[in-house]
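Each value in this text was obtained by applying a stated rule to the coordinates, not by laboratory testing. Just so you know, these numbers come straight off a predicted model, no measurement behind them. Neighbour counts run over all protein chains shown; Cβ positions are idealised from the backbone, glycine included.
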Amino acid sequence: MLSIIDQYSYFEFFVFIFLMMVIRYLIVAVPLYSIFWIWRPQWTERSKIQPASRHKAIPRAELLYSLSTLFVTSVWGTVLFWVYKQGYLKIYTEINGAQGIAYMIFTIFISMVIHDAYFYFAHRLMHTRKLFHYVHAVHHKSMNPTPFASFSFHPIEAFVEVFFLLPLLLLLPMHPYAVFIFLFLTFFFNVAGHLGHELNPSGMWEKWWGRWLTTPTHHNLHHQLFNCNYALYYRHWDRQFDTLHASTGKVFNQIKARK
C-alpha cells in the first residue's frame, strides 16, 4: 500500500485522505444518528444517557465544524506525508515473525497510553479560561452530543488534536498497520463517547476488565458538567488528578439497570 501512496503528489494525497475521512465519518455518523436520534427503537431508550427530545435534522453546526476538522487533519496528514518522504518518520514495512507481530501490538498499546496522557493535558489546557472561551467552547456547544459532534472542534483545537502524530512517528518505529489500528481505536472511542447512549455491558464500571476504561457515560458527563472526566481511553489521569466525577459509576449503573 505504501508503494502506491508513494506515487501520489502531495495534492493527490491530500484529496485522498480528506475524501476517505469524510466518507468514514458519514458512513458511521449517519446510521448511528438515524438509529439513536431519529428512529429511536424501543431498545435504544434503555441506553440513553440524557433525557432528550428527538432531533428533527442533522445538527448543522456539528456537521460543519466536523468537516473543517477533517480538512485540518488532512492538511496535517499531508505535512506528515512530506516528512515521511524526506525519510524522517520511523515507519517500517517488514514484519519479521512472531517477534515482529508482538512488537507491532506493543506499539499500538504504547501509542494509546502516550496519546491518553497527551489528550488529557491538552484537554485540561483547553479548559483554561481564554482557550475555552475562544476555542474549546465550539465543542461544548454540544451539551448533549450526537455522533456528528465527534469531530466538532475549532480549527485550532483540531490542529492540537492531530499534532500528536508528528512526535509519535518521529520517535516510535511503527508499522503502517499499527498506525491504522491506533487511528481506528481513536476514532472508535471518539464516536462512542459522543453517541449519547451507554452500550457497554452491565458491571463494566467495576469489573477488572473494564474498570480502567472510559465509557460513553464518562464523556457525556464531561459535556454536561464541563469540569470533570477529561480522559479519552483510560481513567488513570482522571483518578490521578481527582477529575473523575464521583457520580460517573453511579450514573453508568443506573443506566444499565433500566428494564
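General observations
- Selected residue (criterion: nearest to the chain's Cα centre (by Cα)) from residues of region 127-151 that are among the hydrophobic types (A, V, I, L, M, F, W, C) and under 25 Å from His197 (Cβ atoms): Phe151
- Of all residues in region 192-212, those satisfying the criterion of being crowded, with 20+ Cβ neighbours inside 10 Å and either touching a Phe, Trp or Tyr at 6+ places or on another chain (Cβ under 6 Å) or more than 19 Å from Arg235 (Cβ to Cβ) (or both) are Gly196, His197, Trp205.
- With respect to the conditions (1) of a type outside the set (Val, Ile, Thr); (2) surrounded by 20 or more Cβ atoms within 10 Å (Cβ to Cβ); (3) out of contact with any strand residue (DSSP E or B) (no Cβ under 7 Å at 6 or more places or on another chain), Met174 lacks only one, and its number is (3).
- The criterion of at least 2 residues that are among the hydroxyl-bearing types (Ser, Thr, Tyr) is met, among helices (runs of 4 or more DSSP H) falling completely within region 154-259, by 176-193.
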